[in-house]
Each structure stands twice: as C-alpha cells, then as structure tokens.
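Enquirer: My structure is below; once you've seen it, I'll send some questions.
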Amino acid sequence: MSGLKQALEIGSQKSSNLLSKTDGFFANAAVKILLPEEARKVEKTLRNLGMGKLADDAILSMNRAAEDAAKSAAPIFKQAIVNMSWQDAWGILRGSDTAATAYLRGSTSSALTEAFRPVIAQSIDKVGATKHWNTLFTNYNKFASKKINPDLTAYVTEQALRGIFIQLAQEEKDIRKNPAARTTELLRKVFGSK
C-alpha cells in the first residue's frame with residue numbers, strides 16, 4: 001500500500017505543480033479552458049466584428065485563474081491518499097489505468113470544489129477575468145437580442161477540476177505503463193511486478 005500511496009502522491013503533486021505554473025492550463029490543449037458552449041456564438045460574433053482580443057483576454061484570464069487555484073489541489077489529494085483504505089488500494093492496483101484518478105475524483109471533488117471556488121473567484125478578479133468577461137458580454141449584449149451572463153466562477157471551477165483530473169489520469173497512466181516514470185525503488189517494485 002505504501003508504494004501505491006507514493007505513486008499517488010508523486011502523480012498528484014506533479015499534476016498540481018504542472019498546472020499551477022504560468023501557462024499550465026493555457027498552453028495545454030488537453031485542459032485549456034475555453035469559453036462556455038453558450039458563449040461560443042458570442043465569441044464568433046465578436047471575432048467577426050474585429051473584437052477578437054476581448055475573447056482572447058477572457059480566455060487567458062480564465063486559464064490564469066485555474067492555474068492559481070491548482071496550487072491548492074495537492075494537499076487535498078494528499079489527505080485523500082492518507083485516508084485510503086486497503087480495499088481502496090486493492091481496487092486501484094487491480095483496476096484500470098485510471099483507477100487511482102477515479103478514486104481521487106470520488107474522494108476529493110467536493111473538497112476541491114470548496115477550495116477552488118474562492119481561489120478562482122479571487123483570482124478571476126486579480127487577473128481581470130471578471131473585467132474581461134463583463135467587457136466581452138457588455139459589448140456582445142449591445143448587438144444581441146438575447147443577453148448572456150453565466151456564472152463565470154462556477155464555470156472556471158468546473159473546468160479547472162476537469163483539467164486537474166485529466167492531468168492526473170495522464171500521470172497515472174505514465175507511472176503504470178512507463179518504467180522510466182517509476183522514479184523510486186518502491187514504485188519500481190509495486191508497478192514493475194504488475
């Protein structure tokens with residue numbers, strides 16, 4: 001069980017570190033946060049009107065907020081790892097290539113949402129996403145008969161969590177399948193014999 005816990009700690013820390021860097025979300029096509037589906041028409045309209053920079057600024061700001069929030073994921077993952085039962089560990093070891101990610105998603109989603117939401121709300125304000133969002137939709141709403149004003153914080157929080165688990169699944173698959181990713185003797189012992 002200690003090897004599995006070590007693998008989870010390494011994978012979750014690596015994911016959190018990677019995504020919390022500048023461009024951790026923004027430059028990663030697998031997790032980059034785009035405008036919500038209902039806003040894609042807005043984006044297209046603004047780009048057609050020569051206001052594409054407004055959409056670009058809004059997208060960059062949302063990703064910066066997610067990068068800021070990703071810093072708080074590692075301690076939450078660590079607590080779930082500490083609380084793991086033998087039954088959980090056995091299921092993960094014998095499970096699919098993303099069984100550990102599924103365990104962490106089930107064990108941490110509520111805590112991550114609770115931790116991410118205020119950080120994202122503050123970060124959205126800090127990096128100007130709210131300003132860009134408001135500017136984007138204020139300009140769009142000048143031309144539209146149907147006004148749009150979705151909850152930006154909830155959307156970015158949801159997308160940040162989605163990105164964290166995508167990255168975590170990639171790390172997990174790497175540790176399970178790539179001997180070079182097993183950076184400690186304990187990891188080589190546990191996953192080399194699987």
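Enquirer: With each label point set 7 Å from Cα along the Cα-Cβ vector, what nm distance links Asp56 and Ser85?
Expert: 5.3
Enquirer: Stick to the Cα atoms of the range 1-111, pair each with every other, and give me the Kirkwood hydrodynamic radius in Å at one decimal.
Expert: 16.0
Enquirer: Once you list every other residue whose beta carbon is under 12 Å from the beta carbon of Leu46, what net charge do they have if Lys and Arg are +1 and Asp and Glu are -1?
Expert: Here the count lands on +3.
Enquirer: For Thr183, tell me the accessible area in Å² from a 1.4 Å probe, rounded to the nearest 10.
Expert: Here the residue's solvent-accessible area equals roughly 90 Å².
Enquirer: Based on Cα positions only, what radius of gyration and what Dmax would you give for the chain, in angstroms?
Expert: That works out to 19.2, 63 Å for Rg and Dmax.
Enquirer: To continue, here is another question. For Ile76, Ile164, what's the largest-to-smallest order of accessible area, 1.4 Å probe?
Expert: From most accessible down to least: Ile76, Ile164.
Enquirer: A follow-up question, please. Return the subset of Lys44/Lys78; Lys21/Lys173; Lys71/Lys146; Lys71/Lys147 for which the Cα-Cα distance in this structure is over 30 Å, preserving the input order.
Expert: Lys44/Lys78; Lys71/Lys146; Lys71/Lys147, as the Cα separations exceed 30 Å there.
Enquirer: Give the calculated FRET efficiency between Ser96 and Asn134 to the nearest 0.05, with a Förster radius of 25 Å applied to their Cβ-Cβ distance.
Expert: E(calc), rounded to 0.05, equals 0.05.
Enquirer: So what does Val156 come to for accessible area, using a 1.4 Å probe and Å² rounded to 10?
Expert: We get 0 Å² for Val156.
Enquirer: Okay, moving on. Give the aspartates and glutamates whose C-alpha is closer than 16 Å to that of Lys41, dropping any in the same chain fewer than 8 places away, or say none.
Expert: Those aspartates and glutamates meeting the cut-off are Asp56.
Enquirer: Using a 1.4 Å probe, how large is the accessible area of Arg188, given in Å² and rounded to the nearest 10?
Expert: Accessible area, nearest 10 Å²: 110 Å².
Enquirer: Given the peptides 47-58, 79-90, 15-26, arrange them by the average over their residues of other C-beta atoms within 10 Å, most packed first.
Expert: Answer by packing, highest mean first, reads 15-26, 47-58, 79-90.
The values are calculated or read from the model by the stated rules, or taken from the named source; none is laboratory data. Everything numeric in this text was worked out from a predicted model, so none of it was measured. Here the Cβ is made from the backbone with ideal geometry for all residues, glycine too, and neighbour counts use every protein chain on show. These area figures cover heavy atoms from the full protein model, side chains too; ligands, DNA and RNA do not enter into them. Shrake-Rupley method; radii C 1.70, N 1.55, O 1.52, S 1.80 Å.
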